[in-house]
């Protein structure tokens with residue numbers, strides 16, 4: 001199988017700020033979707049830029065399979081406004097020293113829903129249309145590894161579903177890395193995850209393993225610190241293990257919900273909200289990030 005990209009102790013700094021800190025990870029040569037996720041400012045785009053040589057590496061190594069072709073579409077691709085969509089794809093092929101194939105260009109535009117706009121100047125395209133054209137311009141090169149930065153962020157719900165379908169289609173033969181903050185989209189199509197937090201890689205592996213690392217729980221938001229103390233004491237009387245999440249928020253295992261329901265009803269005036277979390281990517285992501293941030297404080 002082999003690895004298309006290997007990252008070893010990668011550090012990228014901007015003056016005194018470390019955008020990436022000793023990051024390690026790999027992207028294997030296996031068709032499918034890899035989700036690159038993390039909070040805003042976690043270093044996702046910086047990592048992509050470093051892989052493509054757009055950011056200087058202060059320390060560490062990025063090893064890329066010399067036989068592999070990589071392509072990248074940024075979240076807001078920009079094109080010469082006086083060129084048509086068809087000419088943009090011609091340009092992409094020329095820059096890669098590939099032969100111009102008009103049938104291939106038409107197919108690529110059809111895939112992203114822009115065939116009817118092939119002779120329009122891209123200066124009049126919306127952001128979403130430019131995003132789709134950027135994906136077509138990258139994918140027409142037939143890369144083994146395709147990076148897409150926020151590919152659905154500028155699309156409406158119908159456009160997003162169409163784009164996810166397209167990405168799934170591309171991923172049948174290509175390794176596709178998607179950087180996105182739309183975790184529901186990632187959960188629909190990704191098999192593997194790279195998770196960044198504060199410039200550090202906190203998880204690399206299967207999406208199912210990431211989600212399985214967090215258990216179903218009941219989260220309770222209380223009115224005050226005193227209210228929290230009363231609720232915690234009551235639940236502990238029921239032999240329930242309670243964890244503090246934030247100043248006015250606690251949680252306990254969902255399996256103990258029935259056991260603690262009577263006490264929660266008795267203390268209803270102290271409780272603002274009760275939420276039973278399910279095992280999904282959004283919940284797992286919040287739990288992982290919160291857990292890592294708490295480790296930093298200790």
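The values are calculated or read from the model by the stated rules, or taken from the named source; none is laboratory data. Remember, predicted model here, so these are calculated numbers, not experimental data. With ideal geometry, Cβ positions are generated from the backbone for all residues, glycine too; neighbour counts draw on all protein chains shown.
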Task: Qualifying residue in region 198-208 (condition: free of Cβ contacts under 8 Å to residues at least 12 places away in the same chain and in contact with a strand residue (DSSP E or B) (Cβ under 9 Å, 6 or more places away or on another chain)) - done: no
Open item on the list: Checking the condition loosely packed, with under 14 Cβ neighbours inside 10 Å and more than 15 Å from residue 202 (Cα to Cα), which residue from 32, 58, 53 passes?
Closed with: 53
- [ ] Please enumerate the residues belonging to region 202-219 that are assigned to a strand (DSSP E or B) and crowded, with 16+ Cβ neighbours inside 10 Å.
- [x] 202, 203, 204, 217, 218, 219
Open item on the list: Looking only at region 156-185, count every residue that is in contact with a helix residue (DSSP H, G or I) (Cβ under 6 Å, 6 or more places away or on another chain), assigned to a helix (DSSP H, G or I) and farther than 21 Å from residue 113 by Cα and tell me the total.
Closed with: 1
Task: Those residues of region 136-173 which are within 18 Å of residue 27 (Cα to Cα) and surrounded by fewer than 19 Cβ atoms within 10 Å (Cβ to Cβ), in sequence order - done: 142, 144, 168, 172, 173
Open item on the list: Among the numbered criteria (1) free of Cβ contacts under 8 Å to residues at least 60 places away in the same chain; (2) surrounded by fewer than 16 Cβ atoms within 10 Å (Cβ to Cβ); (3) at negative phi, which one does residue 97 miss?
Closed with: (3)
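Per-residue answers, yes or no, for (1) surrounded by 16 or more Cβ atoms within 10 Å (Cβ to Cβ); (2) modelled with pLDDT under 95:
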| site | (1), (2) |
| --- | --- |
| 5 | yes, no |
| 12 | yes, no |
| 63 | no, no |
| 68 | yes, yes |
| 105 | yes, no |
Open item on the list: Take residue 199 and tell me if it is more than 27 Å from the chain's Cα centre (by Cα) and surrounded by 14 or more Cβ atoms within 10 Å (Cβ to Cβ).
Closed with: no
Task: When residues of region 231-244 are limited to those that are in contact (Cβ under 8 Å) with a residue 12 or more places away in the chain and surrounded by fewer than 18 Cβ atoms within 10 Å (Cβ to Cβ), the one farthest from the chain's Cα centre (by Cα) - done: 237
- [ ] Give region 230-245 a look and list any residue that's touching a strand residue (DSSP E or B) at 6+ places or on another chain (Cβ under 9 Å) and outside any loop (DSSP other than H, G, I, E, B), or say none.
- [x] 230, 231, 232, 235, 243, 244, 245
Task: Residue list for region 27-50, restricted to those being out of contact with any strand residue (DSSP E or B) (no Cβ under 8 Å at 6 or more places or on another chain) and at pLDDT 95 or above - done: 49
TODO: Filter region 252-275 down to residues that are closer than 12 Å to residue 220 by Cβ and in a strand (DSSP E or B) and give me whichever is farthest from the chain's Cα centre (by Cα).
DONE: 271
Open item on the list: As an exercise: evaluate residue 123 against (1) out of contact with any helix residue (DSSP H, G or I) (no Cβ under 9 Å at 6 or more places or on another chain); (2) in a loop (DSSP other than H, G, I, E, B); (3) touching a residue at least 24 places away in the same chain (Cβ under 8 Å) and give the number of the one condition it does not meet.
Closed with: (2)
